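Written out below as structure tokens is the structure these notes cover.
Quick note: the coordinates plus some simple rules give every number you see, no bench work behind them. Here the structure is a predicted model, which is why all the values come from computation and not from measurement. Every residue, glycine among them, receives a Cβ derived from its backbone with ideal geometry; neighbour counts consider all protein chains shown.
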Amino acid sequence: MLIAGNWKMNTDVPEGRTLAQVIADRLSTQPQAFDDVDFLVCPPFVHLPAVRDALDDAPVAVGAQDMHAQDEGAYTGDVSAPMLTSIGCDYVILGHSERRKYYDETDAAVNAKVKQAKRHGLIPIVCVGETLEQRQAGNAEAVVRAQVDGALADVSVGESGALVVAYEPVWAIGTGESAAPEQAQEMHGLLRRDLAERFGASVADGVPLLYGGSMKPHNAYGLLSQPDIDGGLIGSASLAADSFLGIAEKAMDVLEEETT
């Protein structure tokens with residue numbers, strides 16, 4: 001399972017460094033407790049070096065929340081894939097609904113970034129999800145399929161772990177409302193089938209499908225126990241070590257049940 005924290009535009013650099021250090025310290029005191037959970041944190045750009053240093057040898061990967069589709073150029077305020085890899089990033093979140101809403105990102109723009117990430121060895125976390133209006137109109141599946149088609153057009157994925165897809169129903173992001181486990185599984189199952197048609201079943205089975213949308217420790221078990229949910233892209237609950245690791249504990253509970 002992959003438990004990923006998207007810190008969004010929260011914490012200053014000292015606060016971010018402290019949060020990363022607390023996570024690292026907690027993991028170091030119980031090294032066997034999370035053997036089958038992969039951890040990732042995606043802080044704001046300015047935090048990345050400090051967070052990377054604070055995590056040191058902790059089993060936590062670092063990712064960015066966005067990037068430009070070009071290596072360099074006159075793009076004031078943007079960061080590039082080479083910049084991210086140079087400071088130790090492994091992942092990058094692309095196509096988050098907040099980028100689509102506030103910055104008018106299109107599926108074509110996300111697609112260009114996905115290709116750029118792969119060129120530079122970054123693992124893209126491609127976000128898809130419908131609004132409440134689209135769901136109520138019965139268009140949720142069509143919207144999500146179109147987003148996947150657009151984001152992954154002409155993208156080759158030849159091995160497991162080279163891509164992550166996060167289903168984030170827009171109506172559940174930051175609202176405290178979460179999709180019911182059955183609702184989330186329905187969409188994750190759709191995503192798995194789509195990826196199998198696109199890349200083959202063996203690759204699709206190895207693509208982590210994350211649920212994002214107000215996942216918290218109290219609802220994580222029900223969501224993570226679904227067959228096609230492989231982890232979470234965590235927002236506000238990733239801003240405190242207790243809740244972030246609390247979700248990871250629920251992931252371990254699910255994994256332990258699966259082996260008994």
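Structure notes:
- Simple rule: put +1 on each Lys or Arg Cβ and -1 on each Asp or Glu Cβ in the range 2-258, find the dipole, and look at Ile3, Trp171, Gln70; the Cα lying farthest toward the positive end is Gln70.
- 19 Å tail of the calculated P(r), the range 118-220, as % of Cα pairs: 42 percent
- 19 Å Cα-Cα reach of Lys216 towards lysines, excluding residues that sit fewer than 8 places from it in its own chain: Lys8, Lys250
- In sequence order, the range 165-172 has phi-based couplings of 10, 10, 8, 10, x, 4, 5, 10 Hz under the Karplus curve 6.51 cos²θ - 1.76 cosθ + 1.60, θ = phi - 60°, and Gly or Pro positions carry x.
- Dipole magnitude for the chain: computed about the Cα centre from +1 point charges on Lys and Arg Cβ and -1 point charges on Asp and Glu Cβ, it is near 520 debye.
- Sites Asp12 and Asp205, calculated FRET efficiency, Cβ-Cβ separation with R0 25 Å, nearest 0.05: 0.05
- Relative contact order, percent, the range 165-232 [alpha-carbon distance under 8 Å, six or more residues apart]: 44 percent
- With both labels modelled 7 Å from their Cα along Cα-to-Cβ, the Asp154 to Glu186 distance reads 3.5 nm.
- A cut-off of 5 Å between modelled amide H atoms, ignoring neighbours fewer than 5 places along the same chain, links His96 with Cys127.
- Rg in Å to one decimal, and Dmax rounded to a whole Å, for the chain via C-alpha atoms: 17.2, 56
- Pairwise label distance in nanometres, Thr85 with Tyr103, each label 7 Å out on the Cα-Cβ vector: 2.0 nm
- Two-site FRET efficiency, Glu72 against Lys115, from Cβ-Cβ distance with R₀ of 22 Å, rounded to 0.05: 0.85
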